[in-house]
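Undergrad: Have a look at this one before I ask anything.
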Amino acid sequence: MTHTLRLPSWKPRNKVLASNGKYLDQNVKEIENEIEKWKKDWDECGVTLMCDSWTGPMRNLVINFLVYSGGTMYFMKSVDATDKIQDHQYLLKEIKAVVMKVGYHNVVQIVTDNGSNYKKACEILTDQFPHMAWQLCLAHTINLMLKDIGKWPEHEASIQSAQKICSWLYNLNSLHSMMRQAIGGELVKWNATRFGTNYMFLESMFKKKDQFMAWLISPEFRNTRFFKTEMGRQKS
């Protein structure tokens, strides 16, 4: 089980905001104290360093670093890599800097996605520090496997149809609200970079197919403007 650090002075976000930053300095100091106490276990438990590249809504590129040890994980830092070329040399420099900050003798494992740039950077790093192991992220691997499976002809048409249906249902607030009320809950929304969500959306629709079909043929739906759209007529 993984735990996160929660401090004695922790307060709900709305209370912290209402206090206009009153607790900020106190929380920062307590976090630093808790991390220092946690670091004492690193020699015994070892450290897993995790890093992942992430593209934000404004197309800014960020590399996040997290540290896991003894059942506890915390966010260590972010690196703004928007104007950088993320080749293996750049990644090696950034990862090694964090390794040295944590203490290379404490790091026993590095977990990244299985991109060729990360793979080459970590191969060089583990050559330099033979006691470290590189482990690719299992979730990322499964995600890429599902991406390839989704290209099979017997899957591709269903997935493309599911994506269109999902976009239609979730891009219009009033239609989404009608659907949620009619089927008694939500469907798993498709995500363009999380290929497993294609199958999760299809599964959630299959589980509620009776309610969904009943809604599409109901007078409540057919008397709306949504029924008159091309997508509405196709799915009804």
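Undergrad: For the subset of the stretch 180-223 comprising residues that are of a type in the set (S, T, N, Q) and in a helix (DSSP H, G or I), which member is surrounded by the fewest Cβ atoms within 10 Å (Cβ to Cβ)?
TA: Here the residue is Q181.
Undergrad: Test of understanding: among I95, I110, I124, which residue is touching a helix residue (DSSP H, G or I) at 6+ places or on another chain (Cβ under 9 Å), in a strand (DSSP E or B) and either in contact (Cβ under 8 Å) with a residue 40 or more places away in the chain or β-branched (V, I, T) (or both)?
TA: I110
Undergrad: Another question, then. I31 versus (1) among the hydrophobic types (A, V, I, L, M, F, W, C); (2) out of contact with any Leu (no Cβ under 6 Å at 6 or more places or on another chain); (3) modelled with pLDDT of 85 or more: which is the lone unmet condition?
TA: With (1) among the hydrophobic types (A, V, I, L, M, F, W, C); (2) out of contact with any Leu (no Cβ under 6 Å at 6 or more places or on another chain); (3) modelled with pLDDT of 85 or more applied to I31, the lone miss is (3).
Undergrad: Under the condition of being of a type in the set (G, A, S) and without any contact (Cβ under 8 Å) to a residue 24 or more places away in the chain, which residue from the stretch 49-92 is farthest from K120 (Cα to Cα)?
TA: G56
Undergrad: Of everything in the stretch 98-107, what is outside any helix (DSSP H, G or I) and either aromatic (F, W, Y) or surrounded by fewer than 16 Cβ atoms within 10 Å (Cβ to Cβ) (or both)? Give them in sequence order.
TA: Of everything in the stretch 98-107, those that are outside any helix (DSSP H, G or I) and either aromatic (F, W, Y) or surrounded by fewer than 16 Cβ atoms within 10 Å (Cβ to Cβ) (or both) turn out to be G103, Y104, H105.
Undergrad: Kindly indicate whether L172 is surrounded by 17 or more Cβ atoms within 10 Å (Cβ to Cβ) and among the aliphatic types (A, V, I, L, M).
TA: Details: surrounded by 17 or more Cβ atoms within 10 Å (Cβ to Cβ): no; among the aliphatic types (A, V, I, L, M): yes.
Taking the combined requirement at face value, the residue does not satisfy it.
Undergrad: Which residues, taken from the stretch 157-172, are under 24 Å from the mean Cα position of the chain (by Cα) and farther than 17 Å from S204 by Cα?
TA: Looking only at the stretch 157-172, we keep the residues that are under 24 Å from the mean Cα position of the chain (by Cα), and these are 159-160, 162-171.
The answer is N171, and nothing else.
Undergrad: Could you check, for the stretch 86-100, whether at least one of its residues is closer than 23 Å to R194 by Cβ and under 26 Å from the mean Cα position of the chain (by Cα)?
TA: Yes.
Undergrad: Give the residue that is farthest from D52 (Cα to Cα), with candidates limited to residues of the stretch 136-170 that are without any contact (Cβ under 8 Å) to a residue 40 or more places away in the chain and part of a loop (DSSP other than H, G, I, E, B).
TA: W152
Undergrad: List the number of the failed condition for H131; all other conditions in (1) in a loop (DSSP other than H, G, I, E, B); (2) closer than 30 Å to N33 by Cβ; (3) modelled with pLDDT under 90 hold.
TA: (3)
The values are calculated or read from the model by the stated rules, or taken from the named source; none is laboratory data. Note that the structure is a prediction, hence the values are computed from the model and not measured. Neighbour counts are summed over all protein chains in view; Cβ atoms, including those assigned to glycine, are modelled from backbone coordinates with ideal geometry.
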